[in-house]
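The values are calculated or read from the model by the stated rules, or taken from the named source; none is laboratory data. Remember, predicted model here, so these are calculated numbers, not experimental data. Cβ: placed from backbone, ideal geometry, glycine included. Neighbour counts: every protein chain shown.
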Amino acid sequence: MDMKIALVPGDGIGPDIVREAVRVLDRVASAYGHSISYEEVDAGGISIDRYGIPLTEDALEKAKAADAVLLGAVGGPKWDGVPGPKRPEKGLLGLRSGLGLFCNFRPAVIYPELSAASPLKDSIITRGVDLLVVRELTGGIYFGERGRSDDGEEAYDTMRYSRGEIRRIAAKAFEAAMGRRRKVTLVDKANVLESSRLWRETVSELAASYPEVELDFMYVDNAAMQLVRDPSRFDVLLTENMFGDILSDEASMITGSIGMLSSASLREDSFGMYEPIHGSAPDIAGKDIANPIATILSAASMLRYSFSLEKEAAAIESAVKSALSDGIRTRDIAVEGEKTVGTVECGREIEGRIG
Ligand code: IPM
Ligand code: MG
């Protein structure tokens, strides 16, 4: 297969980790007889530095022209003074909305090898953690109207959802649940927010089309608590944009490190953007410290969702597992006394276990 991938390394550790994912992808391509061409695209702080804005038309067009996008991370304190509409994060949000990627899958799985790195007690962890956060990605408070009053004394952000937006993401969650443990938990704040009540109504209606899937509801504050009390109770967590942002960070830490979690941002066709859920960690950028695994696993998701290359995706995932069981640890997932490897060595160890 010929694959055309847009690479958006972005800022901070972005280039470090994307480089390792490319190393692994290239190995997969040669082992399985595929060809991959890459085109680099600027977004985030690097785009601000080069062109004065976080995402240019040209960058968005290049991303659109690819079959899939692999992104590192954007942002950093360097751009802290930049006003809201021009912040690096706008580059990422512009890609998500410009590419129509309304569906964000963030799986949190605990690797037995890393259970010592989880901040939760063994008695909780041994019940298992294998959950999928399905986050709505192009609506809600992230994209609603916002502003300040004329005197600058007040500010507002708006959370707004349409039934159509809710239905299409809910359908993705139900479909994902069908291939898993068939349970969807809708996380909302329906005791307070009208938009949440619309979510409950719409999702309940849609649930009738998925009779095999069990649906339950949970307020977001309770969900935040249940996630650390007993994460094994969750299969698919379906939620709006901002709740999903918050809960996916929490879910990731349960597994030991935010450096392990991948994400896939999808729409109705096979196009997708794949990125680790962590940020740009500017303090460790360029120092060969960052954990490339979340990005490498994101590349595996890309092969699975955008190219239907299940065997190849699984090869990456088992290479990661095998590296972990052989004790390969970047600093963030090592417990005291364990030997650690750098970003590049971690990438090479994984690459070497493919094909
Ligand atoms: C994420 C990040 C982004 C988000 C930021 C960088 C805009 O936190 O992908 O979770 O809030 O969606
Ligand atoms: Mg986040």
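No other residue among Ser209, Ser204, Ser195, Ser270 is assigned by TED's automatic domain parsing to the domain that holds Lys339 and more than 16 Å from ligand 1 (Cβ to nearest atom) apart from Ser270. Can you spot a residue in the range 262-282 that is part of a helix (DSSP H, G or I) and in contact with a Phe, Trp or Tyr (Cβ under 9 Å, 6 or more places away or on another chain)? No: the range 262-282 contains no residue that is part of a helix (DSSP H, G or I) and in contact with a Phe, Trp or Tyr (Cβ under 9 Å, 6 or more places away or on another chain). Considering Leu101, Leu93, the condition of being within 16 Å of ligand 2 (Cβ to nearest atom), under 27 Å from Ala63 (Cα atoms) and assigned to a helix (DSSP H, G or I) is satisfied by Leu93 alone. Quick check: is even one residue across the range 210-224 loosely packed, with under 15 Cβ neighbours inside 10 Å and part of a loop (DSSP other than H, G, I, E, B)? Checked against the condition, which is being loosely packed, with under 15 Cβ neighbours inside 10 Å and part of a loop (DSSP other than H, G, I, E, B), the range 210-224 yields at least one hit. Answer with yes or no whether Lys90 is in contact (Cβ under 8 Å) with a residue 24 or more places away in the chain and within 16 Å of ligand 1 (Cβ to nearest atom). When the stated conditions are applied, Lys90 passes them. Looking across the range 122-156, the residues that are out of contact with any helix residue (DSSP H, G or I) (no Cβ under 9 Å at 6 or more places or on another chain) and assigned to a loop (DSSP other than H, G, I, E, B) come down to Gly144, Glu145, Ser149, Asp150, Asp151, Gly152, Glu153, Glu154. Of note, Phe234 does not satisfy the criterion of being within 16 Å of ligand 2 (Cβ to nearest atom), assigned by TED's automatic domain parsing to the domain that holds Arg180 and either modelled with pLDDT under 95 or buried (at least 18 other Cβ atoms within 10 Å of the Cβ) (or both). Of all residues in the range 288-322, those that are farther than 15 Å from Leu70 by Cβ, surrounded by fewer than 24 Cβ atoms within 10 Å (Cβ to Cβ) and in contact (Cβ under 8 Å) with a residue 40 or more places away in the chain total 6.
You will find that of Gly10, Gly52, Gly72, the residue that is at pLDDT 95 or above, more than 14 Å from Tyr274 (Cα to Cα) and in the same structural domain as Leu303 (by TED's automatic domain parsing) is Gly52 and no other. In this structure, does Leu261 turn out to be more than 18 Å from Ala43 (Cβ to Cβ), within 11 Å of ligand 2 (Cβ to nearest atom) and crowded, with 24+ Cβ neighbours inside 10 Å? Criteria met by Leu261. For the range 43-89, a residue qualifies if it is of a type in the set (A, V, I, L, M), in a helix (DSSP H, G or I) and surrounded by 15 or more Cβ atoms within 10 Å (Cβ to Cβ), and the qualifying residues are Ile46, Ile48, Ala59, Leu60, Ala63.
Arg181 falls short of the stated requirement of being at pLDDT 95 or above, more than 16 Å from ligand 1 (Cβ to nearest atom) and either in a helix (DSSP H, G or I) or closer than 21 Å to Gly279 by Cα (or both). Could you tell me whether Ser262 is in contact with a helix residue (DSSP H, G or I) (Cβ under 7 Å, 6 or more places away or on another chain) and within 13 Å of ligand 1 (Cβ to nearest atom)? For Ser262, the condition - in contact with a helix residue (DSSP H, G or I) (Cβ under 7 Å, 6 or more places away or on another chain) and within 13 Å of ligand 1 (Cβ to nearest atom) - is met. Selection over the range 264-277 of residues that are buried (at least 24 other Cβ atoms within 10 Å of the Cβ) and within 16 Å of ligand 2 (Cβ to nearest atom) gives a count of 6.
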